[in-house]
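Q: Dropping a structure here in structure tokens format, bear with me for questions.
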Amino acid sequence: MSVTVRVPAKVNVQLAVGAARPDGFHDLANVFLAVGLHDEVTATPSPDGLRITCDGPDAGQVPLDRTNLAARAALALAERYGRDADVHLHIAKDIPVAGGMAGGSADGAGALLACDALWGTGASREELLDICAELGSDVPFSLVGGAALGTGRGERLTELEVGGTFHWVFAMASRGLSTPAVFREFDRLGEGREIPEPVASRDLLDALAKGDPDALAATVSNDLQPAALSLFPELADTLAAGRAAGALASLVSGSGPTTAFLARDAGAADAVAGALRSSGTCRTVRAAAGPVPGATVIREEPDQSSSTAVRSMPTV
């Protein structure tokens with residue numbers, strides 16, 4: 001038997017970051033939107049114990065040992081249910097690697113749901129979300145998708161209403177950025193000044209609820225952007241190219257280095273994408289819309305016969 005789960009990327013339409021906590025994390029007000037770039041994780045029984053394989057763009061950058069969040073998810077679920085993690089997890093990558101779009105977190109959530117279905121553990125939503133929170137701050141949102149406000153270090157989710165579809169263009173940079181390094185730079189840049197408590201913007205939440213791209217463009221923000229630009233100054237050229245091409249808003253996605261551009265509609269997104277491809281300021285460009293569902297079982301193949309099933313996590 002094998003189980004395949006599709007899981008989306010995310011863009012942070014707001015990322016408000018508080019001061020470093022004693023445990024080294026930062027309190028966040030993190031407004032997530034799941035977008036239509038997906039990885040697929042396939043879980044198959046393995047007689048040789050836990051095994052990870054990967055293909056797709058930048059697959060060579062994906063760790064294939066137990067540091068991979070997909071492996072950690074399988075091990076966590078197996079430990080909770082008192083079984084061996086005898087599973088082969090194959091990751092078909094399409095979400096940019098080290099791009100600030102939660103590709104690793106997506107793989108962790110996808111592996112968790114795939115193993116739950118493969119092993120028949122029947123874990124509740126609350127159990128799966130609890131494991132996700134142990135794995136990483138973005139993993140719970142990768143499981144549920146849609147749109148949500150993440151608080152704490154981002155793992156505590158509140159579902160958000162979205163009144164329409166938002167069209168985005170994502171420009172992938174020539175190299176990656178380490179999320180811990182970006183947070184360290186955020187702390188360095190903030191030395192000597194008071195960092196306010198992170199709070200979600202009411203105007204931004206209203207813009208999402210109305211499905212209004214112009215209102216959303218006026219309110220998107222990312223407190224990590226100055227740190228990302230400090231470590232990777234060339235990203236400013238990509239942001240400028242997208243704005244010059246007619247994007248309603250431009251920002252670094254999460255900790256970067258992927259840059260995100262909000263467009264009024266699908267046609268405008270195609271125009272922005274074309275201009276960015278011609279700009280020479282980025283490696284590759286992708287267009288995607290959101291919100292989309294979170295981790296979803298798209299295929300179950302028992303005993304050589306193929307059947308299709310769809311199971312997605314309910315929103316929180």
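The values are calculated or read from the model by the stated rules, or taken from the named source; none is laboratory data. As the structure is a computational prediction, the values presented were derived from the model and not from experiment. Virtual Cβ from ideal backbone geometry, glycine too; neighbours counted across all protein chains shown.
Q: Just for the stretch 256-288: of the residues that are touching a strand residue (DSSP E or B) at 6+ places or on another chain (Cβ under 7 Å) and without any contact (Cβ under 8 Å) to a residue 60 or more places away in the chain, which one is farthest from VAL11 (Cα to Cα)?
A: That would be ARG277.
Q: To continue, here is another question. Would you check if LEU118 is buried (at least 18 other Cβ atoms within 10 Å of the Cβ) and either part of a helix (DSSP H, G or I) or in contact with a Pro (Cβ under 9 Å, 6 or more places away or on another chain) (or both)?
A: Values: buried (at least 18 other Cβ atoms within 10 Å of the Cβ): yes; either part of a helix (DSSP H, G or I) or in contact with a Pro (Cβ under 9 Å, 6 or more places away or on another chain) (or both): yes.
Taking the combined requirement at face value, the residue satisfies it.
Q: Name every residue in the stretch 116-171 that is among the charged types (D, E, K, R) and under 27 Å from ARG83 (Cβ atoms), in order of residue number.
A: As a first pass, look at the stretch 116-171 and keep what is among the charged types (D, E, K, R): 116, 125-127, 130, 134, 138, 153, 155-156, 159, 161.
Within the stretch 116-171, ASP116, ARG125, GLU126, GLU127, ASP130, GLU134, ASP138, GLU155 meet the criteria.
Q: From the set of residues in the stretch 24-79 that are of a type in the set (Gly, Ala, Ser) and without any contact (Cβ under 8 Å) to a residue 24 or more places away in the chain, which is nearest to ALA147 (Cα to Cα)? Spell out how you get there, then give the answer.
A: Step one: filter the stretch 24-79 for residues of a type in the set (Gly, Ala, Ser), giving 24, 29, 34, 36, 43, 46, 49, 56, 59-60, 70-71, 73-74, 76, 78.
After this cut, where a residue has to be without any contact (Cβ under 8 Å) to a residue 24 or more places away in the chain as well, the list is 24, 60.
Numbers: GLY24: 26, GLY60: 30 Å.
Across the stretch 24-79, the extreme among qualifying residues is GLY24.
Q: Here are some conditions: (1) under 18 Å from VAL13 (Cα atoms); (2) in contact (Cβ under 8 Å) with a residue 40 or more places away in the chain; (3) charged (D, E, K, R). ARG202 meets all but one. Which one does it not meet?
A: Every condition holds for ARG202 apart from (2).
Q: Please verify whether ALA181 is surrounded by fewer than 22 Cβ atoms within 10 Å (Cβ to Cβ), of a type outside the set (S, T, N, Q) and assigned to a helix (DSSP H, G or I), treating the condition exactly as stated.
A: yes
Q: Let me ask something else about it. Any residue that is in contact with a Lys or Arg (Cβ under 9 Å, 6 or more places away or on another chain), of a type in the set (A, V, I, L, M, F, W, C) and under 16 Å from LEU64 (Cα atoms) - is there at least one of those in the stretch 113-133?
A: No, the stretch 113-133 has no match at all.
Q: For the stretch 176-219, which residues satisfy the criterion of being more than 19 Å from ARG153 (Cβ to Cβ), at pLDDT 95 or above and of a type in the set (D, E, K, R)?
A: Across the stretch 176-219, the qualifying residues are ARG188, ARG202, ASP203, ASP206, LYS210, ASP212, ASP214.
Q: I would also like to ask the following. Can GLY154 be described as surrounded by fewer than 16 Cβ atoms within 10 Å (Cβ to Cβ), in contact (Cβ under 8 Å) with a residue 40 or more places away in the chain and out of contact with any Phe, Trp or Tyr (no Cβ under 7 Å at 6 or more places or on another chain)?
A: On the way: surrounded by fewer than 16 Cβ atoms within 10 Å (Cβ to Cβ): no; in contact (Cβ under 8 Å) with a residue 40 or more places away in the chain: yes; out of contact with any Phe, Trp or Tyr (no Cβ under 7 Å at 6 or more places or on another chain): yes.
So GLY154 fails the test.
Q: When you look at PHE232, is it of a type in the set (Phe, Trp, Tyr), free of Cβ contacts under 8 Å to residues at least 60 places away in the same chain and surrounded by 16 or more Cβ atoms within 10 Å (Cβ to Cβ), yes or no? Break it down stepwise before answering.
A: Working: of a type in the set (Phe, Trp, Tyr): yes; free of Cβ contacts under 8 Å to residues at least 60 places away in the same chain: yes; surrounded by 16 or more Cβ atoms within 10 Å (Cβ to Cβ): yes.
So PHE232 fits the description; yes.
Q: Right, another one. Mind checking which strands (runs of 3 or more DSSP E) fall wholly inside the stretch 5-108 and carry at least 3 residues that are touching a helix residue (DSSP H, G or I) at 6+ places or on another chain (Cβ under 6 Å), surrounded by 18 or more Cβ atoms within 10 Å (Cβ to Cβ) and not assigned by TED's automatic domain parsing to the domain that holds ALA228? Working first, answer last.
A: Working: elements: 26-45, 51-55, 87-92.
Qualifying strands (runs of 3 or more DSSP E): 26-45, 87-92.
Q: One residue is enough: does the stretch 121-143 have a residue meeting the conditions crowded, with 21+ Cβ neighbours inside 10 Å, of a type in the set (A, V, I, L, M, F, W, C), over 29 Å from ALA289 (Cα atoms) and not assigned by TED's automatic domain parsing to the domain that holds LEU205?
A: Initial filter on the stretch 121-143 (crowded, with 21+ Cβ neighbours inside 10 Å): 128-129, 131-132, 135-143.
Cutting the leftovers down to of a type in the set (A, V, I, L, M, F, W, C) gives us 128-129, 131-132, 135, 139, 141, 143.
Filter once more, so that each one left must be over 29 Å from ALA289 (Cα atoms): none.
Checked the stretch 121-143: no residue is crowded, with 21+ Cβ neighbours inside 10 Å, of a type in the set (A, V, I, L, M, F, W, C), over 29 Å from ALA289 (Cα atoms) and not assigned by TED's automatic domain parsing to the domain that holds LEU205.
Q: Right, here's the next one. Restricting attention to the stretch 91-108, which residues are small (Gly, Ala, Ser), touching a residue at least 60 places away in the same chain (Cβ under 8 Å) and within 15 Å of ILE52 (Cβ to Cβ)?
A: Answer for the stretch 91-108, where residues must be small (Gly, Ala, Ser), touching a residue at least 60 places away in the same chain (Cβ under 8 Å) and within 15 Å of ILE52 (Cβ to Cβ): GLY103, ALA106.
Q: I would also like to ask the following. Looking at (1) in the same structural domain as ASP265 (by TED's automatic domain parsing); (2) at positive phi; (3) within 19 Å of the chain's Cα centre (by Cα), which is the only condition GLY192 fails?
A: (3)
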